[in-house]
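Chemist: Structure in structure tokens, see below.
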Amino acid sequence: METTAIAFIDGRYLPVAEANLNVMTHALNYGTGVFEGIRGYWNAAEEQLFLFRAREHFVRLHESARIMAIALPYSVDDLCQISLEIVRRSAYRQDIYLRPIAYKSGLGIGVGTAGVADGFLLFATPMGNYVDTERGLRCCVSSWRRTSDNAIPPRAKVTGGYANAALAKYEAATNGYDEAIMLAENGVVAEGSAENLFMVRRGSLITPPISDNVLEGITRATLMELARTELGIPVVERTIQRTELYTADEVFLCGTGAQVAGIVEVDRRPVGVGRIGPVTAALQSRYFDLVHGVSRDRAPWRLAVYEPARV
Ligand code: PMP
């Protein structure tokens, strides 16, 4: 069956090709939008598509909108319903990615947002891997610093803030690396261009605290919970210095897009023995089972799109 990808914009469901914005839109000119990225995983055996932790993403979208003073007239429940509607109308039966954006939709010149109208749109698109999750990533520490809370807050997913990530990713890619690790303005490790960072050192799983200019990642929270409750490994949120990446046993990135991606090299130094380590591998395999609904536990983390298949 041939289907058309459907988007939601200005309160209407439209084919993606017809869901267009005016060139004078404030958010396009000034980066004044807040967004999310949510994955949907197709489980072929169950003929089911699961949206992973959609509620948590929409709670964070509301938080980002508060920071940017963008009005978002839909509740978390409304946003879940709109997501289900889009995926059903598009009839996706594959892994997908949902992209909601709450944005300043007024038309005109001038960076001020007070009194400028707000808009909301949501679209879904098929999506495979964002970064390689099997080979192990080769990363550099970026020469670009992560923006700080008093510049463009990384806690909020602001569209304009991703110029910072784009600069780092461009530098990494054109220098032959898979990803960039970004330091905060004060020189401590923050995160990847669009991923949170963990390292394993002396038997602990360590990640920068949310006060070190990182996004409060949902995958980060998921993995901390799994590590604490299932791996029995101490999880520590503390500042990480750059050279700890060179002496760590394991380093990995995580995020909705990146999922769980081991790092095998930082600044041309092997991480540990230069292969994806056991803690990373254990968390990755558990994560993939959970998001696909292969493991049935932690059901509240998965929002099923379709009626359960009749058996
Ligand atoms: N940091 C940044 C800067 C990101 O863009 C993302 C992706 N949303 C992450 C971390 C990971 O966050 P999450 O696990 O919630 O997708």
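Chemist: In the P(r) worked out for the chain, what percent of Cα pairs fall beyond 23 Å?
Modeler: Counting pairs separated by more than 23 Å, the tail of P(r) holds 58 percent.
Chemist: If you take every residue apart from R202 with its C-beta less than 15 Å away from the C-beta of R202, what net charge results, scoring Lys and Arg +1 and Asp and Glu -1?
Modeler: Working: positive: R201, R238; negative: E244, D249, E250.
Result for the local shell: -1.
Chemist: Something else about it: About the Cα centre of the chain, what is the dipole size in debye to 20, counting +1 per Lys and Arg Cβ and -1 per Asp and Glu Cβ, all else neutral? Let's see the in-between values first.
Modeler: On the way: 32 positive and 35 negative charges, 47 e Å.
Dipole about the Cα centre, nearest 20: 220 debye.
Chemist: Full extension from L21 to S143: what is 0.36 nm times the residue separation minus their Cα-Cα distance, to one decimal in nm? Mind showing how you got there, number by number?
Modeler: On the way: separation 122, 0.36 × 122 = 43.92 nm, distance 3.44 nm.
Contour length minus the Cα-Cα distance gives 40.5 nm.
Chemist: How many percent of all Cα-Cα pairs in segment 238-311 sit more than 17 Å apart? It would help to have the intermediate numbers written out before the result.
Modeler: On the way: 1535 of 2701 pairs.
Every Cα pair in segment 238-311 considered, those over 17 Å come to 57 percent.
Chemist: Along the charge dipole of the chain, which of V264, A45, P73 sits closest to the positive end, that is, farthest toward it, with unit charges on the beta carbon of Lys, Arg, Asp and Glu (+1, +1, -1, -1)?
Modeler: V264
Chemist: Farthest toward the dipole's positive end in the chain, which of G112, V189, A173, given Cβ charges of +1 (Lys, Arg) and -1 (Asp, Glu) about the Cα centre?
Modeler: V189
Chemist: In the chain, which whole DSSP H runs stretch at least 15 Å along their own axis (Cα) and average -1.0 or higher on the Kyte-Doolittle scale?
Modeler: Details: long enough: 54-68 (21 Å, -0.46); 76-90 (21 Å, 0.19); 162-174 (18 Å, 0.03); 278-291 (20 Å, 0.46).
Sorted by number, the helices that extend far enough and score high enough are 54-68, 76-90, 162-174, 278-291.
All of the numbers you see were taken from the coordinates with simple rules; none came from a lab. Keep in mind that what you see is a predicted model, and the values were worked out from it rather than measured. Glycine also receives a Cβ, built like all others from the backbone with ideal geometry; neighbour counts cover every protein chain displayed.
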